[in-house]
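Input: a single structure, listed below in structure tokens.
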Amino acid sequence: MEELIIISLVKGYKVMKLRFLGAAGTVTGSCFLIETGLVRVMVDCGMFQGPRVLRERNYQKFPVEPGSVDYLLLTHAHIDHSGLIPKFVKQGFNGKIYATSATVDLCAVMLPDSGYIQEMEVERLNRKNTRAGRPLLTPIYNADDARDCLRKFSKVSYDEMLNLTPEIKVRFINAGHILGSAILEIWVREGAEQTKLLFTGDLGSQGKPYVEDPSMVAEADYVIMESTYGARLHEDSSNRLELFHDVIWEAYRKGGNLIIPAFAVERTQDLLYDINLLVTDGRFPPMDIYIDSPMAIAATEVFKQHQDCFDDQTKLIMCKSQNPFEMPNLKYSRTTEESVALNNLKGGAVILSASGMCDAGRIKHHLRHNLWRPESTVLFVGYQAPGTKGRQILDGADFVRIHGEDVKVRANIKEIDGYSSHADQKALLEWLGHFTRLPKKVFLAHGEPVSAATLAGLIKERFGVDPVVPQWLDIHEITPGIVFSEEQVLKAHAAVAAKLQRLLEAGGGQDNYTVIMRQLDDLNGLIEKLSEKEAVNA
């Protein structure tokens, strides 16, 4: 009996809890924790992006002790989903990280690059701090930390059933967002009861290049669903190519450069896909295309290695020897010297560079050299989070501050919405509409407050399910456990304490120390609550 009570009692009278450690009330910082009596499973460990108040969370202590988490499941490689993994490992996480093969290979590119960017940014800021007599900064992690965490990764295949423990199994299915992106189906068995949780990660749009459309799901008990575009509809992507064609030719006729801030993974490759279509049809002007991002170049190599993940249309294009990664006018700027040389180009170049929100990397240099030129064009093809330089430019700022210098915005600013890798409001509702049995609860994450609230209202109206819009660090009880009397709890505590003592005296218990101590702490917390209740009644 005591073992059942110990397994069932976790921080109160409920068995399983879901903690929202990120992407709650905002798009970025994806991180969720499932807690059962014996196991802690984290889904994503992403970096917060956007305003300073959000970015400061990246430097704070994790809300949970990393060493207390047993498994980490990663939906995809984007930094707002994976970017704090090196810090998590550095601070004590010693479990396994599971992700699809393409996601693991992309993380091997993206995480060291993230560490390198932090090192460079901190080095630059510390030069100023030294001159001003201010305290020096330390990066969240460096490139070596990122490379070290990669040893924790294990590859899984789409649709493969992964047994984490006898009570917990997981399946990764295609999310259609970027190469390797996954929806996570997680089944947790407690006694005779089984609960299914489903994490959408980021759902992709229909008909995207390279990747298959998102997989549909028939049922789940609890759905943790993205809401990034919950209040918006994308422009008709069917005319995306024509819009891109028009921007390119307008930039060419103006005589300046076309600067495209592009996420290194997926967005850069999508743009190359469409440029290749224009080149093949003879509709591209005499302009050179430069990929000026080491990470984008490395990510493109990963795409080449995972052509098995491509959809049928992309495979057909590749079979016709129309490879978007090997166009004759495509040039890769790998070295710093090659990147700096692009600043001397006054016109006739298409420069794709990261980061996509203009807050880090080589794109800042290209904006600094082109944003003030009326003949230049800056094209945004992705979501710009509040507080980022990209959002400032799109919102019509007269000046933006880049590397300590105010730069006048005179360039022609353009935006094409059809490149979003996220499902929009209509697609999100259609995806949920494929459920044959509605979930008990829908949690809306990965969205700004207006987006999540708008989508919540539509889901309630259409499906009769009243979604929850959680806030950062909220804890939600998932499954009701068994309520025990005070006498049962005290007996269980005494029995387990005696067993623990015998285990320690015999020299064992070290391998299970974390789990045992967590269970005893939880049980002690319950006893304290019972004692407080008894004191009040007295």
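Computed from the coordinates by the stated procedures, all read-outs in this text should not be read as laboratory data. Because the structure is predicted, anything quoted here is derived from the model rather than measured. No Cβ is skipped: glycine too gets one built from the backbone with ideal geometry, and neighbour counts run over all protein chains shown.
Here are the numbers:
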| quantity | calculated |
| --- | --- |
| Contact order normalised by residue count of region 324-446, Cα under 8 Å, 6+ apart, percent | 21 |
| Stretchable slack from residue 461 to residue 505, in nm (0.36 nm times residue separation minus alpha-carbon distance) | 9.8 nm |
| Relative packing of peptides 51-57, 468-474, 251-257 - highest average C-beta neighbours within 10 Å first | 251-257, 468-474, 51-57 |
| Nitroxide proxy distance, nm - points 7 Å out along Cα→Cβ at residue 60 and residue 312 | 4.9 |
| Kyte-Doolittle mean at least -1.0 and Cα axial length at least 18 Å: DSSP H helices in the chain | 101-132, 240-254, 267-280, 449-463, 486-505, 513-537 |
| Environment charge of residue 126, counting only residues whose C-beta is closer than 15 Å and scoring Lys/Arg +1, Asp/Glu -1 | +2 |
| Around residue 161: net Lys/Arg minus Asp/Glu count, Cβ-Cβ under 12 Å | -1 |
| Label-point separation, residue 212 to residue 53 (7 Å along Cα→Cβ), nm | 4.2 |
| Residues 477, 505 arranged by fewest to most Cβ contacts within 10 Å | 505, 477 |
| Relative contact order, percent, the chain [alpha-carbon distance under 8 Å, six or more residues apart] | 20 |
| Equivalent ellipsoid semi-axes, the chain, via Cα gyration tensor eigenvalues times 5, rooted, Å | 46, 26, 21 |
| Relative contact order of region 238-419, pairs being alpha-carbon contacts under 8 Å that are 6 or more residues apart, as % | 32 |
| Net charge of Cβ neighbours under 10 Å - reference residue 181; Lys, Arg +1; Asp, Glu -1 | -2 |
| Label-point separation, residue 429 to residue 476 (7 Å along Cα→Cβ), nm | 2.1 |
| For region 135-176 versus region 406-469, the gap between their alpha-carbon centres in whole angstrom | 26 |
| Pairwise FRET efficiency - residue 124 versus residue 193, Cβ, R0 = 56 Å, nearest 0.05 | 0.55 |
